[in-house]
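One structure is given below, encoded as structure tokens.
The values are calculated or read from the model by the stated rules, or taken from the named source; none is laboratory data. Small disclaimer: the values here were computed from a predicted structure and weren't measured. Ideal geometry is used to build each Cβ from the backbone, glycine not excepted, and the neighbour counts take in all protein chains shown. We work out accessible area using only protein heavy atoms, side chains counted, and drop any ligands, DNA or RNA first. Shrake-Rupley method; radii C 1.70, N 1.55, O 1.52, S 1.80 Å.
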Amino acid sequence: MTDRNPMKDQVAIVGLGSTGFSREGGASSLSMALAAATEAITDAGLTAADIDGIVATNEPGASGPEAIAAGLGITEATHHTKPTPVAVFSLLDAARAVFTGAADHVLVVTPVVMGPWNSRRAAADPWRRGARSGILPVPEDATMAAAYAAWASRYIHEFGATKDPFARVAINSRTNAAANPLAAVDTPLSFGAYEAARMIREPLNIYDMDLPVDGADAFVLTSAERARSLPHTPVLIHAATSGIVGKNDEDQLDGLHRTGQHVVVDQLRRTSDIWIDDIDLFYPYEGFTIITLTWFENCGFCPPGEAERFLREHWNDDAQRIEIHGRIPVNTHGGSLSEGATRGTGHLREAVHQLRGTAGARQVDGARAALVTPGGFFFNPQGAVLRTAT
Amino acid sequence: MNGNSEETDEETDDVLIARFAGNGITRDSADHFRGRLDRRLLMARCADCGRWQHPPRPMCPACWSWNMTMDEVSGRGTIHLLMVLHQGPPATGVDYSTGHPVVTVELEEQRALRFTSTVSDDFPAEDLAIGTAVEVEWIERDGTPMPVFRKAAS
Ligand SMILES: [Zn+2]
């Protein structure tokens with residue numbers, strides 16, 4: 001494992017765009033990608049002629065970098081890739097392109113598209129029906145999304161946990177979503193409603209998991225030096241990484257004591273000068289609430305199994321949300337439980353908005369450093385430390 | 001035993017794939033599924049170092065031997081992960097309105113060697129919990145043998 005981080009603070013996020021997220025359907029994936037992309041490029045004070053790198057997340061049903069380049073009227077590009085979904089993979093790919101000189105201004109597009117496999121509305125849409133595979137999976141499966149319910153049961157068993165910390169993660173997101181116009185769901189959630197909720201994959205209920213949505217985020221990255229002459233306060237990528245353990249088949253994982261989350265945290269701690277005592281904002285992924293509990297524990301906010309106590313102690317009962325030490329809010333945009341299954345791109349976008357002071361009604365005064373940890377336990381844990389340029 | 005076992009030798013790849021498509025059958029796991037047709041729970045094992053490997057892989061990750069074989073496991077173990085599905089893909093005999101248990105069983109052969117399935121119809125509700133000792137039992141779904149777990153005889 002390396003402790004080298006020559007890219008530290010050398011690459012900046014300078015443009016943001018987002019379509020917002022919805023369950024309505026009706027737009028093509030290319031139209032959503034282009035809407036987010038044009039907004040991000042404009043936000044960065046650039047034009048299509050400046051963009052020489054395109055990173056488009058390889059999301060099922062979404063447009064690739066070549067279609068987006070053609071659609072935007074990009075002249076020529078020297079970096080064009082489609083990393084696997086979940087936000088930091090694409091962020092890292094773009095940052096490395098800027099840092100190594102592969103391109104000067106890299107556009108990242110991170111679309112999510114409801115498919116016939118996860119949405120009845122999409123299954124009824126003649127323009128999306130074609131993506132159906134025709135093979136029904138067997139129910140007796142503890143891989144992919146189901147694995148989080150399976151390991152949630154193990155967490156509860158090993159630590160004697162109740163559903164209380166799971167509820168707090170869900171309620172925190174919905175509380176914060178009220179001030180986020182991009183959210184697909186922005187109504188508040190009560191402990192009573194959480195407890196009464198329909199179980200989907202017991203022990204997880206409908207509020208413990210995010211929902212499929214349509215939408216796209218876009219980001220523009222360039223060098224920290226170039227960023228100084230662009231309109232917004234640059235937000236620097238201080239440290240970022242992904243991480244897995246070798247034995248990562250979901251139901252064969254050795255245990256919750258060593259997952260990719262630990263690999264990510266160890267790597268960030270080796271390469272970042274900023275850690276949890278120094279941050280102003282925390283964005284742990286909560287597409288499944290169990291993931292958030294272990295991010296709190298594995299990042300070192302509390303020991304393993306103690307997220308229940310920690311979240312109770314750091315709960316603002318008046319505001320109905322988590323505030324670490326009364327100071328650090330968590331998922332200020334309402335997370336994936338409110339925006340939908342955006343695979344952490346919302347967590348990243350919101351961190352940038354906060355750090356450059358464009359978060360509107362959600363703005364945390366004086367926020368200068370954020371820890372963003374998208375991904376789950378198995379094949380996509382990742383993290384990034386972002387900071388405001390000084 | 002039922003008639004399925006006699007068909008095994010004639011089971012072409014196409015038929016095998018069609019039968020187990022929903023289980024995500026691959027070239028590397030085909031022999032595991034052929035074993036199911038004979039009601040034998042086969043798992044991949046390295047013939048050189050003896051390590052079990054599930055899901056099946058063509059090479060042993062412990063010693064890089066390509067000498068992977070399929071061996072029958074005892075089918076005995078303990079429930080390690082547990083969920084109860086209240087919705088999911090339609091399947092014969094599965095009633096989500098009463099909750100469909102899915103258990104991941106840690107087998108006695110090796111630490112963290114696990115197999116995921118459901119439990120027998122007569123599984124005692126009070127024992128459906130992580131830590132319960134179980135053993136494999138064979139049922140049929142759509143005419144194909146399927147390994148599930150019953151409470152272990154004590
Ligand atoms: Zn071996």
Inset, instruction - Scan the stretch A:215-267 for residues that are open to solvent by less than 10 Å² (accessible area, probe 1.4 Å), in a loop (DSSP other than H, G, I, E, B) and in contact with a Leu (Cβ under 8 Å, 6 or more places away or on another chain) and jot them down. - result: A:T259
Inset, instruction - With the condition kept exactly as written, say whether any residue in the stretch B:3-19 is of a type outside the set (G, A, S), touching a residue at least 24 places away in the same chain (Cβ under 8 Å) and within 16 Å of the ligand (Cβ to nearest atom). - result: no
Inset, instruction - Could you look through the stretch B:51-108, keep only residues that are among the polar types (S, T, N, Q) and under 16 Å from A:D254 (Cα atoms), and pick out the one that is nearest to the ligand (Cβ to nearest atom)? - result: B:Q53
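Look through B:D121, B:D95, B:D71 and report the one residue that is in contact (Cβ under 8 Å) with a residue 24 or more places away in the chain and more than 19 Å from A:S153 (Cα to Cα). Explain how you work it out, then say what you get.
Details: B:D121 fails: in contact (Cβ under 8 Å) with a residue 24 or more places away in the chain; B:D95 fails: in contact (Cβ under 8 Å) with a residue 24 or more places away in the chain.
None of the other options fit; the residue is B:D71.
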Legend entry - Subset of the stretch B:67-92 [touching a Pro at 6+ places or on another chain (Cβ under 9 Å) and farther than 16 Å from B:S29 by Cβ]: B:G75, B:L82, B:M83, B:V84, B:L85, B:G88, B:P89, B:P90, B:A91
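Under the condition of being out of contact with any Pro (no Cβ under 8 Å at 6 or more places or on another chain) and open to solvent by less than 10 Å² (accessible area, probe 1.4 Å), which residue from the stretch A:135-160 is farthest from the other protein chains (Cβ to nearest Cβ)?
If we take residues in the stretch A:135-160 being out of contact with any Pro (no Cβ under 8 Å at 6 or more places or on another chain) and open to solvent by less than 10 Å² (accessible area, probe 1.4 Å), then A:Y155 is farthest from the other protein chains (Cβ to nearest Cβ).
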Inset, instruction - Filter the stretch A:161-214 for residues that are among the β-branched types (V, I, T), away from chain B (no Cβ under 14 Å) and open to solvent by 20 Å² or more (accessible area, probe 1.4 Å) and give the result. - result: A:T162, A:T175, A:V185, A:T187
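Filter the strands (runs of 3 or more DSSP E) completely within the stretch B:13-121 down to those with at least 1 residues that are hydroxyl-bearing (S, T, Y), touching a strand residue (DSSP E or B) at 6+ places or on another chain (Cβ under 7 Å) and at the interface with another protein chain (Cβ under 10 Å from one of its Cβ atoms). Reasoning before the result, please.
On the way: elements: B:42-46, B:68-72, B:76-85, B:100-107, B:114-117.
Output list reads B:100-107, B:114-117.
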